[in-house]
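Scroll down for the structure; my scribbles are underneath it.
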Amino acid sequence: MSRRNTQVVENLNEVKRLNREELKAFHDHYYPMLYRYVYFRLGDVQSSDEITIQVFSKLIGFLGGRRGLSKNIGAWLFDQAKSLVEKQMHGQSASSAQNHVTQLTTRYISRQDAASIHERYQNIRFVRPALSVLSNQEQHYLALRFTQSLTLEEIAVLMGISIRRVRSLQVRALTSFGQAFDRIA
Amino acid sequence: MGRDPKNRTLEICVQRLQSGEDLEEVLESYPRWSATFRPILQAVQAAMGYAESIHPDEDMLEESKLIFLETASGNIDYPPRSSRRNVFRVAIFLFVMLLLLSISFWQLVRVSSENLPGDFLYPIKQLSEYLRFNTASNSSGRLLLEYTYDEKRIREVEHLLSRGESQEVNFSGRLEWMKIGEWMVGDMRVLIPDNTRIIGEIQTGFFVSVNGITHPEGVIVANEVKMREYSLEGLVEEHRGDKWVIENVQVITSSETFLHGEPDVGSDVLVIAWRTAGGELVARLIETVVR
């Protein structure tokens with residue numbers, strides 16, 4: 001199944017009709033999207049992978065039922081990811097920002113020049129602490145906005161709220177995030 | 001954000017940053033909001049850099065996929081099974097519908113068998129006869145059905161006349177005699193007014209077809225009269241003198257029979273014939289058919 005065909009799958013019920021090859025393509029399409037979302041919020045490779053796998057496992061379990069199968073597939077997946085992330089955040093230590101920096105530096109040091117590494121280091125060093133002062137809803141919005149390259153309309157669909165509410169949320173999230181980032185940086 | 005120009009401008013600035021524009025260039029475009037937006041857009045730029053640095057490991061993706069497919073194989077009905085089940089359900093549904101329709105249709109046919117021209121279910125009776133005629137296995141079977149239907153039409157007209165009803169009818173019967181303005185067809189008086197359309201040469205002693213209106217006084221006023229023609233198709237099985245056997249049906253020829261294409265034993269032929277009062281078929285045409 002091509003990327004185009006994967007996007008044709010709009011609701012959970014349609015996932016049930018996919019054959020094995022189509023399920024592979026479905027997974028390959030959504031795994032990076034979910035992983036990037038989770039990592040943006042948690043900053044940890046291991047947790048991001050585990051949560052992404054959990055989202056897919058929950059999907060299979062949910063498809064075995066009969067209710068709610070008309071829901072938008074993207075909205076359902078990111079909603080599950082959001083819940084798992086927030087559950088994880090309750091027990092997460094404050095050292096995850098440094099954790100990400102270490103992982104990033106280790107993985108990319110051979111390919112990136114020193115200036116780029118430094119820039120990324122600065123980004124990560126201040127971004128995650130600044131994000132942590134925001135509400136869960138604001139973090140959710142910013143994670144969708146910056147990791148998925150979505151329009152406001154698409155984010156409204158994923159979050160299951162009106163475009164008007166998304167705009168209002170955006171203003172609050174960006175302002176709070178900017179203020180927090182400014183203080184920390 | 002909606003109507004607030006400041007919020008609209010902020011959204012535009014974020015979009016420009018996301019499309020790759022430089023932070024300073026973006027801020028220069030909106031000097032009024034520059035100071036307010038700078039920390040926000042710096043944070044946005046940092047968040048974008050952070051997001052861009054996130055890349056899932058290929059090994060993790062493959063491992064996740066294996067787990068996903070393994071879990072799915074035990075929980076999701078794949079299309080082939082699901083499709084077979086759906087096809088089976090549709091087949092059962094169609095079979096039941098077909099059965100109900102057949103039962104309903106044959107019930108209607110049974111009820112309509114006693115209907116007369118003008119009755120509500122009479123078209124059903126005609127349809128069932130048409131279907132039966134067209135599904136007859138051979139030419140002689142179709143010919144026998146034509147005889148049967150001719151008899152039925154006669155009885156229907158007799159019923160209508162006995163009830164004194166006025167109704168358009170089509171029937172065929174023996175032409176016993178002809179007088180000016182009145183003929184006797186199948187023991188029924190048929191009035192032939194001047195405006196009756198008489199097709200071809202009509203001969204007594206043969207079957208004729210009549211289209212007309214039954215009259216309460218017990219007569220039929222004819223609109224159109226013509227010789228009743230029967231058709232027969234098949235192989236010539238015997239031919240002796242004026243006697244021919246085609247598909248087990250005997251046909252005789254007369255001096256007026258037109259033979260076309262040198263038909264003989266073994267030929268595949270089409271026969272158009274008249275029927276005498278005694279039931280003999282007198283061929284008008286015997287034509288070889290090339291298939």
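Since every read-out is calculated from the coordinates, none of them should be taken as a lab result. Note that the coordinates shown come from a computational prediction; the quantities given were computed from them, not determined experimentally. Cβ coordinates were reconstructed from backbone atoms using ideal geometry, including for glycine residues, and neighbour counts include every protein chain displayed.
Evaluated at q = 0.15, 0.17, 0.22 Å⁻¹, the base-10 log of the normalised Debye intensity for segment B:120-243, with identical point scatterers placed on the Cα atoms, takes the values -0.77, -0.93, -1.29.
The alpha-carbon of residue A:16 sits under 20 angstrom from the alpha-carbons of these aspartates and glutamates, leaving out residues fewer than 8 places away in its chain: A:28, A:79, B:70, B:77. Each Lys and Arg adds +1 at its Cβ and each Asp and Glu adds -1 at its Cβ; summed about the Cα centre, chain B shows a dipole of about 960 debye.
Can you flag which of B:179/B:243; A:71/B:65; A:87/B:6; B:152/B:179 are past 29 Å Cα-Cα?
Working: B:179/B:243 33 Å; A:71/B:65 23 Å; A:87/B:6 35 Å; B:152/B:179 26 Å.
Check vs 29 Å cut-off fails for B:179/B:243; A:87/B:6.
Estimated from the Cβ-Cβ distance and a Förster radius of 41 angstrom, the FRET efficiency linking residue B:145 and residue A:17 is about 0.20.
If R0 is 35 Å, the Cβ-Cβ spacing of residue B:70 and residue A:136 corresponds to a FRET efficiency of close to 0.65. In this simple spin-label approximation, residue B:256 and residue B:89 carry label points 7 Å from Cα along the Cα→Cβ vector, and these lie 6.7 nm apart.
If packing is taken as the mean number of other Cβ atoms within 10 Å per residue, what is the order of B:264-273, B:159-168, highest first? Walk me through the numbers on the way to the answer.
Numbers: B:264-273: 17.8, B:159-168: 14.5.
The most tightly packed comes first, giving B:264-273, B:159-168.
Calculate how many DSSP beta bridges within segment B:183-263 are antiparallel, expressed in % of all such bridges and rounded to the nearest 5.
Numbers: 19 of 24 bridges.
Taking every DSSP beta bridge with both residues in segment B:183-263, the antiparallel ones total about 80 percent.
Tell me, what is the FRET efficiency for residue B:280 and residue B:111 to the nearest 0.05, using R0 = 45 angstrom and their Cβ-Cβ distance as r? The partial results should precede the final answer.
Values: r = 37 Å, r/R0 = 0.82.
Efficiency for this residue pair is about 0.75.
Residues with beta-carbon under 10 Å from that of residue B:56, excluding residue B:56: net charge, scoring Lys, Arg +1 and Asp, Glu -1?
Numbers: positive: A:36; negative: A:49, B:57, B:58, B:59.
In short, -3.
Loop-located chymotrypsin sites (Phe, Trp or Tyr not before Pro) in segment B:83-183 (DSSP state not H, G, I, E or B) with no more than 12 neighbouring Cβ atoms inside 10 Å: B:120. Count Lys and Arg as plus one, Asp and Glu as minus one, and take only other residues whose Cβ is under 10 Å from that of residue B:270; the net charge is then -3.
Please state the shape class of the protein assembly as shown: rounded when a/c is under 1.5, otherwise prolate if a/b exceeds b/c and oblate if not, all from the C-alpha gyration tensor. Write down the numbers at each step before the final one.
Numbers: a/c = 4.49, a/b = 3.54, b/c = 1.27.
Prolate, because a/c is 1.5 or more and a/b exceeds b/c.
Which of the three applies to segment B:242-284, rounded, prolate or oblate, going by the alpha-carbon gyration tensor with a ≥ b ≥ c and a/c under 1.5 meaning rounded? Since a/c reaches 1.5 but b/c is at least a/b, the shape of segment B:242-284 is classed as oblate.
At 7 Å along the Cα-to-beta-carbon direction for both residue B:226 and residue B:103, put a label point, then send me their distance in nm to one decimal. Label-label distance for residue B:226 and residue B:103, simple model: 4.4 nm. Given +1 at the Cβ of Lys and Arg, -1 at the Cβ of Asp and Glu and no other charges, the dipole of the protein assembly as shown around its Cα centre is 2840 debye to the nearest 20.
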